[in-house]
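Since every read-out is calculated from the coordinates, none of them should be taken as a lab result. Since the model is a prediction, treat every value here as computed from it, not as a measurement. Glycine also receives a Cβ, built like all others from the backbone with ideal geometry; neighbour counts cover every protein chain displayed.
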Amino acid sequence: MPRIRDVWINWFEGEENGYNVCPFHEWNAEDRIEVLDQAEIVKVTERLFDYVENRLEDIPEVLLQEVFQKSTLRKKMTRITLDYCFIMFDGTRVLAVDTLGYKTPIRKSCLTPKHERTVKEMMETDTSPAFDLEMEVVPKEYHILSPHPDYMRGLTRKERQLKQLLFMAMDQLYTSGEPAEIRYWFTEWAPYKYEEIQQNMDKDTIWHQLYNEVKVGWSLDHYELCQKMIKGQPFFEKLWNMQHEEEVK
């Protein structure tokens, strides 16, 4: 298998959705950039690439055996051998993966444009068969705390993070909010629908109407609704402040 040296890596840990593994242009000064002294490159099918990028489930054993202890991380003047770390390529896309010694893709990283081009050039002449899944996979189920990629498409890193915070607040509202409280927030979102919102709809109906309106896109209205909903909730406010502190830095 081909290997590449001196690769910049920005690990995103525990992410089950590929849209949260930020591309190079979204890396920021607070990210911890590491360098892979060398990394094994493996060719995979599109199906396996999607599976690893968008899930936290076991990687095929045959792939893990192929890459076992073939990649190393540089720490100052020392090399650290990584059990199951590799860069996968499906003919178009490139992604670095590390399992932290387990069998699931715990850490994932995009590459810099320079290193991505290098991988593609190296793989142009590679004739080895592509690794594939060894089983049929049940289609992934998305939910409010793991939103469908369509709801994140076209958003910046900060917008995705704030939208996920809004969805967390929405989920809490559904779990613990009273119908009157949900009507209040729907009115905040769409005051022109006041009369319709005040009709005697049950909790599920009114919440789902609000969710269906906020789940697509991102706008100033989304931003302001999120800011208002998390006010007075220490955990959510901490997450909100972290996003804005990163932007300032």
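Between ILE87, ILE230, ILE33, find the one with the highest GNM mean-square fluctuation for the chain; connect C-alpha pairs within less than 10 Å.
Among ILE87, ILE230, ILE33, the largest mean-square fluctuation in the Gaussian network model of the chain belongs to ILE33.
Quick one: longest stretch of the chain between exposed loop GluC sites (Glu not before Pro), exposed meaning at most 13 other C-beta atoms within 10 Å and loop per DSSP?
Numbers: sites that count: GLU30, GLU57, GLU124, GLU134, GLU136, GLU141.
Excluding the exposed sites themselves, the longest stretch runs over 142-249.
With a sphere of radius 14 Å drawn around the Cβ of PRO191, what net charge do the other residues whose Cβ falls strictly inside it have (Lys, Arg +1; Asp, Glu -1)?
-3
Name the residue farthest towards the positive end of the dipole of the chain from the options LEU95, PHE167, PRO179, assuming +1 on Cβ of Lys and Arg, -1 on Cβ of Asp and Glu, about the Cα centre.
LEU95
Where does helix 203-214 land angle-wise versus the long Cα axis of the chain, in degrees 0 to 90, nearest 10?
Approximately 60 degrees, to the nearest ten.
Please grab the % of Cα pairs in the chain that end up more than 24 Å from each other.
55
Between the helical axis of 234-248 and the dominant principal axis of the chain, each derived from Cα atoms, what acute angle in degrees is found, rounded to the nearest 10?
60
As I understand it, the value is the acute angle between the Cα axis of helix 220-230 and the longest principal axis of the Cα atoms of the chain; what does it come to in degrees, rounded to 10?
The two axes meet at around 80 degrees.
So how strong a dipole does the chain carry about its Cα centre when Lys and Arg Cβ are +1 and Asp and Glu Cβ are -1, to the nearest 20 debye?
900
Distance check, please: which entries in LYS70/LYS215; LYS75/LYS114; LYS193/LYS231; LYS43/LYS75 exceed 31 angstrom between their Cα atoms?
Among LYS70/LYS215; LYS75/LYS114; LYS193/LYS231; LYS43/LYS75, the Cα-Cα distance tops 31 Å for LYS70/LYS215.
Using only the Cα atoms, what convex hull volume per residue in Å³ does segment 85-190 have?
Output value, Cα hull per residue: 172 Å³.
For segment 141-170, run through the trypsin sites (Lys or Arg not before Pro) and keep only the ones in DSSP coil with at most 12 other Cβ atoms within 10 Å of their Cβ.
Values: sites: ARG153, ARG157, LYS158, ARG160, LYS163; in loops: ARG153.
Those satisfying the criteria are ARG153.
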